[in-house]
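S.K.: Let me begin by handing over the structure; questions about it come next.
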Amino acid sequence: MLDYQKAARIFEDRIESGEYFDSSSAERSKTTLKSLASERERKLLFLLGNPGVGKSHMLETIAGEMKGERLIVHLREPFFDPRSFLLRLLKEAKEPAEGEIEELKERAAGFYAENEHLIMIDEAQLLDEKSLEFLRILSDTKAFRLLLSMHSREGEEILAKPHFRTRSHRVVEMGTLLPDEVQRYIAGRLSGAGMEEISSMITRKHLKLIHRYSEGNFRTLKRMMQSMFELMDHAKQNGLANYAKPSACMVEMAALDLELIDA
């Protein structure tokens, strides 16, 4: 039985380490970041990419794979108060978390300088100037290993500023999915859920359109597949047989539903 509701749920956008997909761009980014995070010199690291390419999934994956090797401090949302950031670092280190901010900074620097770790901050483009400058100062101490994930455009603007451009740092850029990777991802997700019959109905022509409209963006791809299966389920429930199976028309309808193309 063709269960389009179940197929739609498979492509819901969730940030889980198990959602990592080994595209060529993701594999290059992961390998490079893990290598940089293991270097002797503690450079300030940046993970850049357009919204939806999988940066948050990448951080989750790196955290999972490196957790046994070092202390991982993962901030899934940016901070807006340096004191609260230091308190989080000390809490993760199980160190006393009281005192004035300079005392907290000194205590945190003492612990993190002596222990292997990785401090990851997602959506770092949302940090204000004061917080970014605070992180730059922390990085200059060489006690902290920081990885900031942010959108490409905002990240490039931040890195163009003199106080970042002149500091030792490394940038890793995440790209989009290639056409064959779109096919492999969709087939893998459906087959992994025991839905090979539905997977076999999605042709190369459909996949070409899916890649074109999603532009290889990981999040947009998932939203397109979820929308398409929801539309097909609606058609099936209402006896619209011509729209109850994958087709170029249904791909276009999903793209229209997400406003990826104009009507």
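S.K.: Residues of the range 98-120 being surrounded by fewer than 13 Cβ atoms within 10 Å (Cβ to Cβ) and free of Cβ contacts under 8 Å to residues at least 24 places away in the same chain, which ones?
M.R.: Within the range 98-120, GLU98, GLU100, GLU102, GLU103, GLU114 qualify.
S.K.: Can I ask one more? So SER152 clears everything in (1) closer than 16 Å to ARG42 by Cα; (2) at pLDDT 95 or above; (3) of a type in the set (Gly, Ala, Ser) except one condition, right? Which one?
M.R.: Among (1) closer than 16 Å to ARG42 by Cα; (2) at pLDDT 95 or above; (3) of a type in the set (Gly, Ala, Ser), the lone unmet condition for SER152 is (1).
S.K.: Which one is nearest to ILE198 (Cα to Cα) among residues in the range 230-260 that are of a type outside the set (D, E, K, R) and in a loop (DSSP other than H, G, I, E, B)?
M.R.: Within the range 230-260, the match that is nearest to ILE198 (Cα to Cα) is PRO246.
S.K.: Restricting attention to the range 172-193, and to residues there that are outside any helix (DSSP H, G or I) and either closer than 16 Å to SER23 by Cα or modelled with pLDDT of 95 or more (or both), which single residue is farthest from the chain's Cα centre (by Cα)?
M.R.: Among those residues, the one meeting the criterion is LEU178.
S.K.: Taking only the range 196-214 into account, find how many residues are crowded, with 18+ Cβ neighbours inside 10 Å, more than 14 Å from SER247 (Cβ to Cβ) and over 25 Å from the mean Cα position of the chain (by Cα).
M.R.: Residues in the range 196-214 being crowded, with 18+ Cβ neighbours inside 10 Å, more than 14 Å from SER247 (Cβ to Cβ) and over 25 Å from the mean Cα position of the chain (by Cα): 1 in total.
S.K.: Looking at the range 60-67, can you tell me whether even one residue there is under 19 Å from LEU148 (Cβ atoms), crowded, with 18+ Cβ neighbours inside 10 Å, touching a residue at least 12 places away in the same chain (Cβ under 8 Å) and polar (S, T, N, Q)?
M.R.: Yes, the range 60-67 contains at least one residue that is under 19 Å from LEU148 (Cβ atoms), crowded, with 18+ Cβ neighbours inside 10 Å, touching a residue at least 12 places away in the same chain (Cβ under 8 Å) and polar (S, T, N, Q).
S.K.: Would you be able to tell me the number of residues in the range 215-251 that are surrounded by fewer than 18 Cβ atoms within 10 Å (Cβ to Cβ), under 27 Å from ASN50 (Cβ atoms) and among the aliphatic types (A, V, I, L, M)?
M.R.: Counting residues in the range 215-251 that are surrounded by fewer than 18 Cβ atoms within 10 Å (Cβ to Cβ), under 27 Å from ASN50 (Cβ atoms) and among the aliphatic types (A, V, I, L, M) gives 1.
S.K.: Only one of ARG165, ARG136 is touching a His at 6+ places or on another chain (Cβ under 9 Å), over 16 Å from LEU75 (Cβ atoms) and assigned by TED's automatic domain parsing to the domain that holds THR32; which?
M.R.: On the way: ARG165 fails: touching a His at 6+ places or on another chain (Cβ under 9 Å).
Only one candidate qualifies: ARG136.
S.K.: What residue, of SER227, SER200, is touching a helix residue (DSSP H, G or I) at 6+ places or on another chain (Cβ under 8 Å) and either within 27 Å of SER25 (Cβ to Cβ) or modelled with pLDDT of 95 or more (or both)? Break it down stepwise before answering.
M.R.: Details: SER200 fails: touching a helix residue (DSSP H, G or I) at 6+ places or on another chain (Cβ under 8 Å).
The unique qualifying residue is SER227.
S.K.: If a residue counts only when it is under 30 Å from GLU215 (Cα atoms) and charged (D, E, K, R), which helices (runs of 4 or more DSSP H) contained entirely in the range 47-164 have at least 3 such residues?
M.R.: 55-66, 152-159
S.K.: Have a look at ARG184, ARG136, ARG170 and point out the one that is under 26 Å from MET58 (Cβ atoms) and free of Cβ contacts under 8 Å to residues at least 12 places away in the same chain.
M.R.: Step by step, each of ARG184, ARG136, ARG170 is checked, and only ARG184 is under 26 Å from MET58 (Cβ atoms) and free of Cβ contacts under 8 Å to residues at least 12 places away in the same chain.
S.K.: Select, from GLU27, GLU95, GLU12, the only residue that is touching a residue at least 12 places away in the same chain (Cβ under 8 Å), closer than 19 Å to ARG189 by Cα and surrounded by fewer than 16 Cβ atoms within 10 Å (Cβ to Cβ).
M.R.: GLU12
S.K.: Under 7 Å by Cβ, and 6 or more places apart or on different chains, what pairs join a residue from the range 252-263 that is without any contact (Cβ under 8 Å) to a residue 12 or more places away in the chain and loosely packed, with under 15 Cβ neighbours inside 10 Å with one that is aliphatic (A, V, I, L, M) and assigned to a helix (DSSP H, G or I)?
M.R.: Between residues of the range 252-263 that are without any contact (Cβ under 8 Å) to a residue 12 or more places away in the chain and loosely packed, with under 15 Cβ neighbours inside 10 Å and residues that are aliphatic (A, V, I, L, M) and assigned to a helix (DSSP H, G or I), the close pairs are ALA263/LEU256.
The values are calculated or read from the model by the stated rules, or taken from the named source; none is laboratory data. Keep in mind that what you see is a predicted model, and the values were worked out from it rather than measured. Cβ sites come from the backbone with ideal geometry, for glycine too, and all protein chains shown count toward neighbours.
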